[in-house]
Structure formats: C-alpha cells, structure tokens
1. How much length is gained if the chain between residue 74 and residue 163 is pulled fully straight, taking 0.36 nm per residue apart and subtracting their Cα-Cα distance, in nm to one decimal?
2. Can you sort 137, 62 by how many other beta carbons sit within 10 Å, fewest first?
3. So how far apart, in nm, are the two label points at residue 54 and residue 23 if each is 7 Å from Cα heading toward Cβ?
4. Please compute the contact order of segment 24-200 in relative form: average sequence separation of alpha-carbon pairs under 8 Å and at least six residues apart, divided by the residue count, as a percent.
5. If I take R0 = 25 Å and measure r between the Cβ atoms of residue 61 and residue 131 in this structure, what FRET efficiency does the formula 1/(1 + (r/R0)^6) give, to the nearest 0.05?
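Readers should treat all values here as calculations from the given coordinates under stated rules, not as data from a laboratory. Just so it is clear, the model here is predicted, and its values are computed rather than measured. Using ideal geometry, Cβ is built from the backbone for each residue, glycine included, and neighbour counts are taken over all protein chains shown.
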C-alpha cells in the first residue's frame, strides 16, 4: 500500500507541471505606450512554431484581409490574416506575435527580445480585447486559450518584411540559420515567432488529488 501511495504522490506532482515539455526560451517582453499593455513572464516563455517538436508544434497559413485591428494607427497598408493550428497536446495562453528584425507592422503593443540576440523587435498580444483587437476567430471556446487542435485567426496590420517573407513563416525568432530561440531543425528563414505560456494540467491535478484523498480516507478507516 505504501508503494501505491508514493506512486500517487509522484503522479500528482507530475500533473502540476505544464502539459508541455517544450524548452523555456530566453525571452523578455516590455510594454510601450502604443496600443494595449503587455505583461511579461520572465523565465516562463516558450516558443511554438512550424517544424518544431510535437510538444510545441503549430501549423500556419496566411491570406490578405481588409480587417483593421487598430484603426488609430492604420495608414492604408496591406493587412494579413494569419491562421494558426495547435498541433501539440498543450493548451497555451498569453500568445504573442513577435517580429524578426526584418519585419514591421503597425498594431504593435510593445517589444520583445531574445536575450541571446541584441536588439528589440515589435510584438503584440494575440487577443480580442482592448484597442488592438487582432484575434478575430477561435474555433473552440472564446476564452483566449489556444487548446490542442484549436484554430486561431489573427490580423497583422500593415505587415512588411525586407526579405520578402510571408507573415506565417513562424520558424524561428532570428531565422533557422542562427536558431537562437527555437528547436526547428529545417525550413526557410522566419519572419516572426509566437511565444506563449503553457497551461498546467489542472483537470488531471484535481482528479488525481481527489483520488489521493479517497485513498487516504480509506487507509485511516481500515
């Protein structure tokens, strides 16, 4: 019985951990007086992208759109609708679209930096609240949680890239050739990255904690 109890404790401990084993990336985010406020999560950021390992993989595509997420800063340029699909088994929160050095857009909320690389690049939080309402579709609950299998659609306003790359080339923050922040092993240079926070497996924790309490109760009743 003691072995069973120790195994239960171990499983509960594991369930507290994030659902993804993806590696934390050395990223920091800072707010600028532009659109919406940003909140940083030092030491917690993960990058998810195309061609990444299964626990941090997404699919992505893009198309032109006339939707304007941040009207006050729109100057008449081309906007793009980016579609991403969560191909991992992790629920992600606080997703941010972060530009590579060659990428610009006008609906930025702030800036982000890979601590291994000098310089800040533009970033915005992918959401449907505030002034910069860039998230226009969630295929599951409308709760800003990017769940396994879910599809999101968001708009990058007046996107441009000096190398002619598309806004859905989410391979690595500073390109496959440098690879400072991602685990992508192959593919073209990237135009941007998505960083996010993995959500702990709360449901599993609750269920297993309940089982543990039941086990303890039975033990003391014997």
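1. Extending this stretch completely gives an extra 29.8 nm.
2. Ordered by Cβ neighbours within 10 Å, fewest first: 137, 62.
3. About 1.9 nm, to one decimal.
4. Values: 505 pairs, mean separation 52.9, N = 177.
Contact order relative to length: 30 percent.
5. Values: r = 26 Å, r/R0 = 1.06.
According to the calculation, E is roughly 0.40.
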